[in-house]
Amino acid sequence: MKNNDYNFRVILLCCLKNVISLICFTILAVVFKHWWIVFFSLLFYSYTEKEK
């Protein structure tokens with residue numbers, strides 16, 4: 001059970017990091033009035049893979 005809890009936390013933190021990155025770059029895009037700035041958030045995205 002502890003392993004599942006750890007995996008859930010890792011996935012949750014990964015999602016939280018991605019959301020914060022997207023929000024920050026969206027704010028920058030609005031402030032500087034350039035929509036393409038949001039694409040830089042893709043450079044900071046991370047993901048996790050589940051083992052089969």
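In the chain, helical runs assigned H by DSSP with n ≥ 4 each contribute -39500 (n - 2.57); averaged across all residues and rounded to the nearest 500, the mean residue ellipticity at 222 nm is -21500 deg cm²/dmol. Once both axes come from the Cα atoms, what is the angle between helix 2-32 and the longest principal axis of the chain, in degrees from 0 to 90, rounded to 10? Result, in degrees: 0. Computed from the coordinates I sent, P(r) over Cα pairs in 10 Å bins from 0, in percent equals one of (i) 29, 44, 21, 6, 0; (ii) 24, 38, 22, 13, 3; (iii) 20, 20, 22, 18, 13, 7, 0. Tell me the label. Read-out taken from this structure: (ii). With protein chains left intact and a 1.4 Å probe, residues in the chain average 97 Å² of accessible area per residue.
What's the carbon and sulfur percent of the chain's accessible surface, probe 1.4 angstrom, rounded to a whole number? List each step's numbers first, then the result.
Working: 3600 of 5030 Å².
Here carbon and sulfur together make up 72 percent of the probe-accessible area.
The values are calculated or read from the model by the stated rules, or taken from the named source; none is laboratory data. Note that this is a predicted model, so its numbers are computed, not measured. All accessible areas refer to the heavy atoms of the entire protein, side chains included, with ligands and DNA or RNA removed. Shrake-Rupley method; radii C 1.70, N 1.55, O 1.52, S 1.80 Å.
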